[in-house]
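For reference, the structure is listed below as structure tokens.
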């Protein structure tokens, strides 16, 4: 009985599963995982509408500055933009729902 309650509580609706999985497919596995980490590192508040443009512009400008100084970087300004857009899309889901999805469908190997 107790195990059943835990299993039911850990499930998310099919619509939410499909929506989050759609983002996973849209952005690709690497960007999706990085988007999750970026969202949690920057925090949900950073990705609210009023802060979004400033966040993307600041990150983009930092990468452009490095590019202009002839620094060799594997991260392009476009990559940073896509990473922020992925994190923004993920921020539309409640934290608990996203954590349930991660728990059941995203596997991170921790060393």
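The values are calculated or read from the model by the stated rules, or taken from the named source; none is laboratory data. Bear in mind that the values here come from a model prediction, so they are computed numbers and not experimental data. Here Cβ is always computed from backbone atoms with ideal geometry, including for glycine, and neighbour counts include all displayed protein chains.
Considering the conditions (1) modelled with pLDDT of 85 or more; (2) buried (at least 17 other Cβ atoms within 10 Å of the Cβ); (3) in contact with a helix residue (DSSP H, G or I) (Cβ under 7 Å, 6 or more places away or on another chain), residue 104 is excluded by exactly one of them, (2).
When region 62-83 is filtered for residues that are at pLDDT below 85, part of a helix (DSSP H, G or I) and surrounded by 12 or more Cβ atoms within 10 Å (Cβ to Cβ), the ones remaining, listed by number, are 62, 63, 64, 66, 67, 77, 80, 81.
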